[in-house]
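See structure below.
The values are calculated or read from the model by the stated rules, or taken from the named source; none is laboratory data. Predicted model only: the values in this text are computed from it and were never measured. Cβ atoms come from the backbone with ideal geometry, glycine included; neighbour counts cover every protein chain shown.
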């Protein structure tokens, strides 16, 4: 019996770990893996017991991008170009991640190349192993990106740095990705998943609805101009904050103080 191309571990704490599981092919994104990942994320969005996702790869790579061997036989067909008459249904894992209402933590364990780089950029927070590397090789293989890399990367690290990466295809080390603000932190390989799980637990410790609504206001405002973003924030604050009672705020402040004290004592 063959191994599943994607493994799912659901924690009783409220998060799920999704592991791209084609280590022999550097977790290349075959049609089966893309479809499975997209459908799994959508299923977890409908699961009230899962509020945070962690996405990582098995073996030495996060993912090397689209499966070039498969493309050699199928041709380059994407969800954006497939017609209703196509015999093969293609689900878009990047859009599925975008539909997940809670945070998605990318635990980048190794190379994230081209389509794999785009998959990493679909996550909300990136933690990188020292063995992680990033590369955009679209210009070298003669294919235009279709999962948002041309727009997301420049917004993450600045347009000049994005052009350097995309117009050369050069690799970006984990340490340089940290210096450029692409990843939140770089850790030893054995610390990557423990830190990703700890971050998921920290996120799950906030007020449940805030995990969704605060993420959404950040994303919606970031996609707009600064002025439009400020208007979005004011509107949603007015809608949400009027229902919050003063006694609830004070009670929650006490919990925040206790947590801060515990974290300080742990240093």
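General observations
- Only helices (runs of 4 or more DSSP H) whose full extent lies in region 156-267 are considered here, and the ones with at least 2 residues that are out of contact with any helix residue (DSSP H, G or I) (no Cβ under 6 Å at 6 or more places or on another chain) and modelled with pLDDT under 95 are 208-222, 226-241, 246-265.
- Residue in region 104-121 that is part of a loop (DSSP other than H, G, I, E, B), at pLDDT 80 or above, in the same structural domain as residue 196 (by TED's automatic domain parsing) and more than 18 Å from residue 173 (Cα to Cα) present: no
- Qualifying residue in region 130-146 (condition: buried (at least 23 other Cβ atoms within 10 Å of the Cβ) and over 25 Å from residue 193 (Cβ atoms)): yes
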